[in-house]
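Each reported figure results from applying straightforward, stated rules to the coordinates on display, with no laboratory input. Everything numeric in this text was worked out from a predicted model, so none of it was measured. Cβ: placed from backbone, ideal geometry, glycine included. Neighbour counts: every protein chain shown.
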Amino acid sequence: MQSVLSLILGGGRGTRLYPLTRMRSKPAVPLAGKYRLIDIPISNCINSGCNRIYILTQFLSVSLHRHIANTYKFDPFSRGFVEVLAAQQTNETADWYQGTADAVRQQIRSVREDPSSEIMILSGDQLYRMDFGHLLATHRETQADVTIAVLPTTRQQVSGFGIVQLNDTGQVVGFIEKPQTDEQLQAVRTSPDWLEKRGIPCKGRHFLASMGIYLFKKEVLFELLTAPPLATDFGKEIFPRSIRTHNVQAHLFDGYWEDLGTIKAYHEANMALASDDPPFSFYSPEGVIFTRMRFLPPSHINAASLQTTLISDGCHIEQGSRIERSIIGIRSQIGRNTTITDCVIIGADRFETEAERVKNRARGIPSFTIGEGSVIQNAILDKDCRVGQNVRIINQRGVHQDEGTNYVIREGIVVIPRGSVIPDGTVI
């Protein structure tokens, strides 16, 4: 794996995750109470023995840069690094990244100078655990120019992915980005027998979706990025072209994988992590997920009722509170007799002093995080929110999409933006 250089794409605006991306880049969005999305691909790289990693950033990347600088440090003898390559003006270009392929092309100088022979390209907003050594083995055994990791998926899920068509040897002979019609889908349908011969049960999954995980021969990547007309996106342009001129292979994966690119997907994935039998476990001794080390006290819980809930470090939960199917993030302070159900509480960046609390109370400003007697259901509270006493955040009108002065509703899920203040007695 020392011959592999990893590039993690983190430059998108993340508009579908708004307002969680209003003040941060998409890979910096917190996950499972104490992690960030970027920790997933970086940890998979480190666990696979890939310790030379570039992260391509563009929008609102200050907190992401800080997290990476404070978390991932290698000793000087390992030659490993996790470094940020931010979008910048150069003699060759003065534009922002126009797409995934354009982002890599704009940073081609750093890639060219690396002694690697293979380039792995990853996404920064997915939740999965993969040993990339298996991907590299497929790549080399098939003598591939490009290898795409693919996941069996159902008809209902295909519209959001690039779908591949394979021949009997596993070579990609067709690629359709986000197919919409039955005619398009019929052309890329995979036989159940083909999957089951390779040890993967079909279970109604007749299509193979690209996971956004690619492995290129270094010289092939340069060739595809510089061939006219210049491509801006891997899925829409690079792969449909390359399957006609290069040996593009598929690497089958049948583990847990979720794209957390929307508010609904993000909420559902967090709820699954808090369930009795989570499909992805942070407790696995294999494939540890790394994150920033924080020197926080243990959480204190005082006569509260908790069911299928993850509690992070530094939390204080008062008596009489009932929390079900929720994620409680770092430094969360939850008052007496609150009810929290199906929620993601991201937490706070710091603890308040008693003097600050007294001063804020005199001005009518609630303390971090949730005041006593409040009821919160099916919601996401971003970092540093202040929810007063006897507040009800329950989507009372039952709307699907909406925006207010201190809330956003997406697909029925109420999102309280970072740093919002919800006064006592408010009903949303």
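Just a few scattered comments:
- For a label point 7 Å along the Cα-to-beta-carbon line of ASP114, residues of the stretch 1-29 with backbone N under 12 Å: 2-9
- Taken about its Cα centre, the chain carries a charge dipole of about 880 debye when Lys and Arg each add +1 at the Cβ and Asp and Glu each add -1 at the Cβ.
- Cysteines in the chain that, by Cβ-Cβ distance, have no pairing candidate under 4.7 Å: CYS202, CYS315, CYS343, CYS385
- Per-residue ellipticity at 222 nm, computed for the chain from helices alone with -39500 (n - 2.57) per DSSP H run of at least four residues, works out to -5500 deg cm²/dmol.
- Once the Kirkwood radius over Cα pairs is known for the chain, the Stokes-Einstein relation at 4 °C and 1.567 mPa s delivers a diffusion coefficient of 56 µm²/s.
- Excluding same-chain neighbours fewer than eight residues apart, the aspartates and glutamates reachable from LYS218 by a Cα-Cα span under 18 Å are ASP102, GLU113, ASP114, GLU118, GLU141, ASP145, ASP233.
- Compactness ratio for the stretch 336-428: Cα radius of gyration over 2.2 N^0.38 Å (N = residue count) comes to 1.04.
- In sequence order, calculated HN-Hα J values of the stretch 159-171 (Karplus, 6.51, -1.76, 1.60; Hz; x Gly/Pro): 5, x, 10, x, 10, 9, 10, 10, 8, 5, 8, x, 7
- Whichever lysines have a C-alpha closer than 29 Å to that of LYS217, once near sequence neighbours (fewer than 8 apart) are set aside: LYS26, LYS73, LYS178, LYS197, LYS236
- All other residues whose Cβ lies under 12 angstrom from that of LYS73 are scored, Lys and Arg at +1 and Asp and Glu at -1, for a net of -1.
- As a rough guide to protection, the peptides 419-428, 254-263, 347-356 ranked by mean Cβ packing within 10 Å, highest first, stand as 254-263, 419-428, 347-356.
- The stretch 221-359 shape via C-alpha gyration tensor axes, a/c threshold 1.5: prolate
- Cα centroid separation, the stretch 35-68 to the stretch 126-198 (Å): 25 Å
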